[in-house]
Amino acid sequence: MLKMGLLSLFFHFLFLSISSGEISSQVGINYGQLGDNLPSPEKSVKLIQSIGAKRVKIYDANPDILNALRGTDLQVSIMVPNQHLTNISTNQKLADSWIQSNVLPFYPKVKIRYLLVGNEVISSSPKEIWYSIVPAMRKIKNALNTHRLNKIKVGTSMAMDVLESSFPPSNGTFRSDIADPIVKPMLQFLSRTKSFYFLDVYPYFPWSTDSNNINLDYALFVSRTIKYTDPVSNLTYSNLFDQMVDSVIFAMEKLGYPDVRIWIAETGWPNAGDIDQIGANIYNAATYNRNVIKKLTAKPPVGTPARPGRVLPSFIFALYNENQKPGPGTERHFGLLYPNGSNVYGIDLSGKAPDSAYEPLPKPTNNEPYKGKVWCVAARGVNASELGSALSYACSQGNKTCDPIQPGKECFKPDSLVWHASYAFSSYWSQFKKTGATCYFNGLATPTAKDPSKF
C-alpha cells in the first residue's frame with residue numbers, strides 16, 4: 001500500500017514536472033521591428049541571449065529573423081499579421097499555404113512553439129476583421145495538425161480594452177459587443193486545444209490616466225504597505241498588475257471558462273515619452289521591469305491572488321526603442337535596449353541578477369502631471385513634400401483649423417512651410433487630442449514646451 005502510494009506520488013510529481021516544463025517561468029522578449037536603425041537579426045539574436053531571455057516573440061514570420069534563430073535554444077512565437085486574417089478565416093488552402101511558407105522551412109531547427117493569429121485585433125483593426133479571429137485560428141490549427149505540428153500552440157493577443165469592467169477584479173467582464181460572438185468561441189478553442197489566453201497588460205496606462213488615485217509604488221511593485229481587498233472575492237492585492245490579470249480571469253470565469261491559462265504576451269513600462277506624459281522615465285521603467293521579472297521567475301511560482309502558485313509565462317515589451325512606431329512618444333520608448341545595442345538600463349530577464357549588480361538609476365523628474373503648455377510643431381529636417389501633405393491633412397480636419405494662417409490673416413507670416421505646418425499641427429492637436437489624436441504625423445511632428453511663435 002505504501003509502495004503504491006509512493007508510486008502514485010512519483011507519477012504525480014512527474015506529471016507536474018512535465019506540465020511545468022511546458023510552461024516554465026522563463027521570461028521572453030518581444031522583438032518588434034518598427035525602426036529604421038535597428039541591428040541585424042543576427043546581432044539581435046545575440047543581444048536577446050545576452051539579456052537572459054529564453055523566449056522571443058515576433059510580430060510576423062520574418063524569414064531573416066527565423067534564420068537567425070535557427071539552432072538556438074530560444075523558444076519562438078510567430079504571428080499571422082492582422083491583414084491576413086479575413087482571407088485565411090474562409091480558406092483552408094490559404095491557411096495551409098501560410099504554414100507551408102512560414103513554419104515548415106524553419107521547424108524544428110527553429111523552436112517555434114507558439115503561433116498568434118493577429119495582434120490586438122479588437123483594439124487596432126476594423127470591426128469586420130474581429131469576426132475572422134476564431135475561424136482563422138481554427139484553420140491555422142488544422143493546417144498545423146495536417147503536418148503533425150501538434151506542439152505549436154495557437155492563440156491571439158488581447159489588450160485590456162476588451163473588458164467592459166475591470167474594477168474590482170471580481171467584476172471583470174468582457175465587453176457585451178464581443179463576449180458572445182468572439183470571446184466565448186475563442187475561449188472554447190483555447191480550452192479544447194490546451195492553449196493560452198495571450199494578454200497584453202500594462203499597469204502604466206491606468207496609472208498614468210489616474211495618478212491621483214492610483215499610487216505609483218503600487219503600480220511599480222514597490223509598496224509593502226498598500227493593499228486592496230476586493231469586496232466580493234475577499235482577495236487581497238498588493239500591486240496593480242495582479243489586479244489587471246485577475247480581472248481577465250474573473251471575466252473568463254463569467255463566460256464559463258475558469259481554467260484557461262494566461263500568458264503575459266506583453267508587459268513593460270516606457271523609459272521616455274512626450275513632455276506631458278507622466279512617469280515615462282528610465283527609473284520607473286527599470287523598477288517595473290526588474291520587479292515584474294522577479295515576480296514572474298519566482299520559485300516556487302507566485303501566481304496571482306485568483307490563481308496562487310500558478311506559472312505566468314511571459315514576454316517583456318520590448319527589445320528596442322522603435323523610432324517608427326506611431327502614436328505618442330511613449331510608444332517609441334519601451335525598449336530595454338537602444339538601437340545601437342546598448343542597455344537603456346541594466347536588466348536580466350533570467351531574474352538571477354541581484355539589485356546590487358545594477359548601476360544607480362537617474363532620478364525621475366516627471367512623476368507628477370505636467371502643468372505647463374505644450375505645442376505640436378514640425379520636426380527638424382523632415383521631408384518638405386511629406387510635410388506639405390501633412391499640413392494639408394491637418395487643415396482639412398476640424399473647425400477652422402488653419403484659418404489664421406491663410407494669406408492676409410494674423411498668423412500667415414512668416415510665410416514658411418515649417419511655420420504653417422507647426423501652426424496647423426498645434427491647432428489640430430488641441431482640437432483632437434482628447435479623442436486620441438497624437439503629436440506625431442508619421443514622424444513629421446514633435447511636442448515642445450517652447451512657444452513656436454517665439455522661435
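No value in this document is a laboratory result; all are computed from the given coordinates. Predicted model only: the values in this text are computed from it and were never measured. A quick note on method: Cβ atoms are made from the backbone with ideal geometry, for glycine too, and the neighbour counts reach across all protein chains shown.
Some points to look at:
- Positive-end residue, the chain charge dipole about Cα centroid, Cβ charges, pick of GLN188, TRP419, LEU391: GLN188
- For segment 375-448, taking Cα atoms only, Rg and Dmax work out to 11.2, 32 Å respectively.
- Once both labels are positioned 7 Å from their Cα atoms along Cα-to-Cβ, the gap between ASN323 and SER223 label points is 3.9 nm.
- Normalised by the number of residues in the chain, the average gap of Cα pairs under 8 Å and 6 or more apart makes the relative contact order 15 percent.
- Positive minus negative residues near LYS139 (Lys, Arg vs Asp, Glu; Cβ under 12 Å): +2
- Cα centroid separation - segment 386-450 against segment 55-128, whole Å: 39
- Cα centroid separation - segment 238-280 against segment 156-221, whole Å: 6
- For LYS450, a cut-off of 25 angstrom between C-alpha atoms picks up these lysines, skipping any fewer than 8 places away in its own chain: LYS325, LYS363, LYS371, LYS373, LYS400, LYS409, LYS413, LYS433, LYS434.
- If the segment from ASN145 to ASP210 were pulled out straight at 0.36 nm per residue, it would be longer than the present Cα-Cα gap by 18.8 nm.
- In the chain, a dipole from Cβ-located charges (positive for Lys and Arg, negative for Asp and Glu) runs towards its positive end, and of ILE226, MET252, GLN33 it is MET252 whose Cα lies farthest in that direction.
- With a cut-off of 11 Å between beta carbons, the residues surrounding PRO41 carry a summed charge of +1, where Lys and Arg count +1 and Asp and Glu -1.
- Extended-chain gain in nm, criterion 0.36 nm per residue less alpha-carbon gap, LEU417 and LYS46: 129.1 nm
- PHE315 sits among other residues whose Cβ lies under 11 Å from its own Cβ, and their net charge, with Lys and Arg +1 and Asp and Glu -1, is +1.
- Only one residue of THR330, GLY372, GLN406 has its Cα farthest out toward the positive end of the dipole of segment 322-430, where Lys and Arg carry +1 and Asp and Glu -1 on Cβ, and that residue is GLN406.
- When the square roots of the Cα gyration tensor eigenvalues are ordered a ≥ b ≥ c, the ratio a/c for the chain is 1.5 or more and a/b exceeds b/c, which makes its shape prolate.
- Angle between the chain longest axis and helix 41-50 axis [Cα atoms, degrees, rounded to 10]: 60
- By the Cβ rule of 4.7 Å, the chain holds the following cysteines without a possible disulfide partner: CYS411.
- Rounded to the nearest 20, the Cβ-based charge dipole of segment 375-448 about its Cα centre (Lys and Arg +1, Asp and Glu -1) stands at 180 debye.
- Lys, Arg +1 and Asp, Glu -1 on Cβ, resulting dipole of the chain about Cα centre, debye, nearest 20: 1260
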